[in-house]
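Chemist: One structure is given below, represented as structure tokens, and several questions about it will come after.
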Amino acid sequence: MAKIIDGRAISAAIKDELKEQVAVYKQQGVEITLAVVKVGNDPASAVYVRNKEKACEYIGITSRTLALPEETTEEELLQVVNDLNQDNTVNGILVQLPLPKHIDESRILLAIDSKKDVDGFHPVNVGKMVIGEDTFLPCTPAGIIEMLKRSGVDIAGRECVIIGRSNIVGKPMAMLMLKENATVTITHSRTKDLKEVTKRADILIAAIGKAKYITDDYVKEGAVIIDVGMDRDENGKLCGDVDFASVEPKAGAITPVPGGVGPMTVTMLLVNCLKSVEQNK
Ligand code: GUN
């Protein structure tokens, strides 16, 4: 029987800590505002943005959502970002991804003031993260590190295998695990003998985007399993990249979907909003 790593409980504890910090700022007359820019009508993005708004409300941060139509041009979006950069009442800026295909995502991310980049996606912040300088860390990987630490999982010296090499999860995850002194392997769609590699993992992090892909034959007895997937199974039900029923009996600890990594991502965004206030004082 694996220990279930409860992302909801861990994230609730962190949010209560943040709520107290926000209250102290309010007493000092400091109001904190997160601007969230959403372009188009992607249904998943709408859910993510709503969750971010609710989390802000809970800890006492103002969230200002700018919902722009699908036809918004790249130049128009750049103007919106620029206005938010200049706006002294805005502490953090987040442009929800993915953007419509006619907009160059990297150009938009580069336009966000790196001092307000609470997603940690600006190249300056990515660079700082890689060399280990204090900066905004990407929310999902940072949330996973926090979750492991608060669950008492040892990281230093252990074999960590990451499945997926995206800029949002896989690559930064590798850097943060390295900073914690894990021995890190990144695997991806072109990896040969994936199972042979994943079976070496003391900590296995799955960010593949394929429902229930990881079954018990990918997993070493007693391994810690972190499931970043947000997929739908054959019945349309939310599930992860890990086949929970198959893997859980073999794992030492495992995150469920929902209720694992997802809540941590939102919570780390709040952490970054407070960091922005602290850094830009
Ligand atoms: N789309 C999926 N995950 C994220 C995220 O962490 N930040 C932003 N801005 N967009 C996303």
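Chemist: Using packing as a proxy for protection, rank 171-180, 272-281 so that the peptide with the highest average count of other Cβ atoms within 10 Å comes first.
Modeler: 171-180, 272-281
Chemist: Something else: Return the Cα extents of region 63-151 along principal axes one, two and three, sorted largest first, each rounded to a whole Å.
Modeler: Cα spread of region 63-151 along its principal axes, largest to smallest: 44, 26, 25 Å.
Chemist: Give the distance, in whole Å, between the Cα centre of region 24-95 and the Cα centre of region 217-281.
Modeler: About 24 Å separates the Cα centre of region 24-95 from the one of region 217-281.
Chemist: Taking amide H positions as placed 1.01 Å from N in the peptide plane, with prolines and chain starts having none, which residues 5 or more places from Y213, or on another chain, fall under 5 Å of its amide H?
Modeler: V242, D243
Chemist: Given axes a ≥ b ≥ c from the Cα gyration tensor, I'd like to know whether region 143-270 is rounded (a/c under 1.5), prolate (a/b larger than b/c) or oblate.
Modeler: Verdict is rounded for region 143-270.
Chemist: Between K3 and residues 5 or more places away or on another chain, which pairs have amide H atoms under 5 Å apart, with H built 1.01 Å from N, and which residues are they?
Modeler: A253, I254
Chemist: Taking Cα atoms, how many degrees apart are the long axis of helix 170-179 and the longest axis of the chain, rounded to 10 and kept between 0 and 90?
Modeler: Once rounded, one gets 80 degrees.
Chemist: Could you size up the charge dipole of region 1-43 around its Cα centre, putting +1 on the beta carbon of Lys and Arg and -1 on that of Asp and Glu, and report it in debye to the nearest 20?
Modeler: Dipole of region 1-43, to the nearest 20 debye: 80 debye.
Chemist: Mind checking the per residue accessible area of the chain for me, 1.4 Å probe, whole number of Å²?
Modeler: 47 Å²
Chemist: Computed over the Cα atoms, what is the radius of gyration of the chain divided by 2.2 N^0.38 Å, N being its residue count? Intermediate results must be reported in sequence, preceding the final value.
Modeler: On the way: Rg = 18.9 Å, N = 281, 2.2 N^0.38 = 18.7 Å.
Cα Rg divided by the expected 2.2 N^0.38 Å: 1.01.
Chemist: Moving on to the next point. Can you list the HN-Hα couplings for region 263-276, worked out from phi with the Karplus curve (6.51, -1.76, 1.60; θ = phi - 60°), rounded to whole Hz and with x for Gly and Pro?
Modeler: Computed from phi, the couplings for region 263-276 are x, 5, 4, 5, 5, 5, 4, 5, 4, 5, 4, 5, 4, 4 Hz.
Chemist: Checking the table K128/K281; K38/K212; K116/K237; K115/K210; K52/K179 against a 24 Å threshold on Cα-Cα, which pairs fail?
Modeler: Listed pairs above 24 Å: K38/K212; K116/K237; K115/K210; K52/K179.
Chemist: Quick check for you: which residues of region 20-34 have the amide N under 16 Å from the point 7 Å beyond the Cα of D87 toward its beta carbon?
Modeler: 31-34
Chemist: Taking amide H positions as placed in the peptide plane 1.01 Å from N, state which residues far from L68 in sequence (5 or more) or on other chains have amide H under 5 Å from it.
Modeler: Counting only residues 5 or more places away or on other chains, the set is K38, V39, G40.
Chemist: Report the paramagnetic label zone for A13: residues of region 225-246 whose backbone N is under 20 Å from a point 7 Å from Cα along the Cα-to-Cβ axis.
Modeler: Residues 225-227 qualify, since their backbone N sits under 20 Å from the label point.
Chemist: On to the next question. Please report, in debye to the nearest 20, how large the charge dipole of the chain is about its Cα centre when each Lys and Arg carries +1 at its beta carbon and each Asp and Glu carries -1 there. All intermediate terms of the calculation are to be shown ahead of the outcome.
Modeler: Working: 34 positive and 40 negative charges, 104 e Å.
So the dipole magnitude of the chain works out to roughly 500 debye.
Chemist: Could you work out how much longer the chain between A156 and V47 gets when fully extended? Use 0.36 nm per residue separation minus the Cα distance between them, nm to one decimal.
Modeler: Stretched fully, the A156-V47 segment lengthens by 35.7 nm.
Chemist: Pulled fully out, how much extra length does the chain show between L78 and Q28, if you take 0.36 nm times their separation in residues and subtract their Cα-Cα distance?
Modeler: Values: separation 50, 0.36 × 50 = 18.00 nm, distance 3.32 nm.
Stretched fully, the L78-Q28 segment lengthens by 14.7 nm.
Chemist: Name the residue farthest towards the positive end of the dipole of region 179-281 from the options L270, P258, G240, assuming +1 on Cβ of Lys and Arg, -1 on Cβ of Asp and Glu, about the Cα centre.
Modeler: Looking along the dipole axis, the top candidate is L270.
Chemist: Treat every Asp and Glu Cβ in region 22-108 as -1 and every Lys and Arg Cβ as +1, leave all other atoms uncharged, and give the resulting dipole magnitude about the Cα centre to the nearest 20 debye.
Modeler: Using only the charged Cβ atoms, the result is roughly 480 debye.
Chemist: Report the full-extension gain for the segment E20 to I131: residue separation times 0.36 nm, less the Cα-Cα distance, to one decimal in nm.
Modeler: That pair, E20 and I131, stretches by 36.8 nm at full extension.
Chemist: Ranked highest first by the average count of other Cβ atoms within 10 Å around their residues, in what order do 201-209, 22-30, 117-125 fall?
Modeler: Packing proxy ranking, top to bottom: 201-209, 117-125, 22-30.
Chemist: Turning to a different aspect of this structure: Would you mind putting 46-58, 241-253 in packing order, based on average other-beta-carbon counts within 10 Å, highest first?
Modeler: Top of the packing list down: 241-253, 46-58.
Chemist: D for region 73-216, whole µm²/s, Stokes-Einstein with Kirkwood Rh over alpha-carbon pairs at 20 °C and 1.002 mPa s: what number?
Modeler: Value of D from the Cα-based Kirkwood radius: 127 µm²/s.
Chemist: On to the next question. Give me the log10 of I(q) over I(0) for region 1-47 at q = 0.14, 0.24, 0.29, 0.31 Å⁻¹, as the Debye formula computes it from C-alpha points; what are the numbers?
Modeler: -0.66, -0.89, -0.98, -1.03
Chemist: For the chain, which whole percent of the accessible surface, found with a 1.4 angstrom probe, sits on carbon and sulfur atoms?
Modeler: 51 percent
The values are calculated or read from the model by the stated rules, or taken from the named source; none is laboratory data. Remember, predicted model here, so these are calculated numbers, not experimental data. Heads up, the Cβs are rebuilt from the backbone with ideal geometry, glycines too, and the neighbour counts pull from every protein chain shown. Surface areas here come from the heavy atoms of the whole protein model, side chains and all, with no ligands, DNA or RNA. Shrake-Rupley method; radii C 1.70, N 1.55, O 1.52, S 1.80 Å.
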